[in-house]
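A.B. asks: Mind having a look at this structure? Questions to follow.
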Amino acid sequence: MRSKHTFKPAFFALLFIVTFFLQSVCAQSADEFKFINAQNTATLEKELNLHAANGWRLFQLPKALQGNSLGALLSRPSATDKPVKYEYKVLAARRIGTLQDEFKAAISQGYEFRSIISLYRAGDVAMDYVLNSGGETMILLERPQGETKPRFEYQFLSVKLEGTLQKELAKVVAQGYRPMEMVRAVDNSVKRAAFSMIVPAGGLMMRKEERTLITVRELAPATNAASNTPKPEYKFLATKKVATMEEEMNAAAKEGFRYHSSSPGLLTLMIRDTSEKSAKQRYEYKLLATLRTDTMQKEMQEMAEKGFNYLSTSSGLGGVTTLFERDLEKPVGSDKKEYRLLAAITDSTTEKEIAEAISSGYQFRDITRIGEFIVVLDRPRQ
């Protein structure tokens, strides 16, 4: 981020606690990748800790709203290094209140947030319609082995209305918190069920969705922090259609906002530096949606030819959604990428194909799933 839309060094310092774990676990210096695929949350926690004892660390969870198993991509540095070993805790609940209580207890034990996803298996669809009981929400946490002292404090925001979440987010940002991840969730408590609506056709029950967002700040912030340090401003977007999300993102970009993060189910956070006196659009966004991975790879390459760069991929009940960004101040073709998609179901196949792609100069970018797991990689255009 440079030029008139540049976020100053002090502004970047504010975002450090949001990206600290990304810098430490998403470096491409890892020599090895391991892919695990568990059938439930208990098995996932067991396998994560089993592999962590051998030096593996969580690299990324697939971002998806549905799937009959839980995948996780792990990484491990070269054998000459002596990596810090970690331990993991997986929380899953159908009630947001229960999940929030368990999350608070884990944080007090020194665990730190890594990811949150919505688990919405095929069987949950029928359960949702018949019993008003949707899928679970899962949070994954990690800590260095033996560490029990908290380093950060978290705010767990969970509301139904877009405007309410926008207000709550602005409030905690003013207190020094920064957004980490968000998800569409379902609170299946008796209290929430009272808000269900009856759909006349078929008499099906639809539950109210929660927009859950986890924020973080340092437990002991510096006492000499400048009071005039620029504060970031966030815009929360939630839509039901890909085309609508694209329109709203570009409308926000015209106000000086830039993409910050997104979640399956078409949730997006945009960010801008409030110290900027005038808003100027520097970025343009394009969202692609498809049910076929071969079509997805073709369209991704077409976007690269137009000067767009890949940002993220997520999957929901409607297929795969891919997000691209174009820097309007850069000439088209100045930073072209070559994309490769790997689609596999078995652990061994996924590991092998990732290793082969990395050895060919590709870098890991993302992982999601729609039936099968989809890995996104890129490299400079050859």
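Derivation of every value follows stated rules applied to the coordinates shown; laboratory data play no part. None of the values given here were measured: they were computed from a predicted structure. Quick reminder, even Gly has a Cβ in these numbers, built from the backbone with ideal geometry, and neighbours come from all protein chains shown.
A.B. asks: If you plug each phi of the stretch 164-170 into the Karplus form 6.51 cos²θ - 1.76 cosθ + 1.60 with θ = phi - 60°, what whole-Hz ³J(HN,Hα) values come out, in order, with x for Gly and Pro?
C.D. replies: Karplus values, whole Hz, x for Gly and Pro: 5, 5, 4, 5, 5, 5, 4.
A.B. asks: On to the next question. Name the lysines eligible as straight-distance cross-link partners of Lys337: C-alpha to C-alpha under 23 Å, and not fewer than 8 places from it in the same chain.
C.D. replies: Candidates past the 8-residue exclusion: Lys63, Lys286, Lys298, Lys306, Lys352.
A.B. asks: Same structure, new question: Taking every Cα atom in the stretch 232-299, find the radius of gyration and the maximum pairwise distance Dmax, and write them in Å.
C.D. replies: 13.4, 44
A.B. asks: Let me ask something else about it. Find, among the GluC sites (Glu not before Pro) in the stretch 244-298, those assigned to loop by DSSP (not H, G, I, E, B) with at most 15 other beta-carbon atoms within 10 angstrom.
C.D. replies: Numbers: sites: Glu246, Glu247, Glu248, Glu255, Glu276, Glu284; in loops: Glu255, Glu276.
Sparse-neighbourhood loop GluC sites (Glu not before Pro): Glu255.
A.B. asks: Sort Thr295, Thr368, Thr239 so that the residue with the fewest other Cβ atoms within 10 Å of its own Cβ comes first and the one with the most comes last.
C.D. replies: Working: Thr295 13, Thr368 25, Thr239 17.
Ordered by Cβ neighbours within 10 Å, fewest first: Thr295, Thr239, Thr368.
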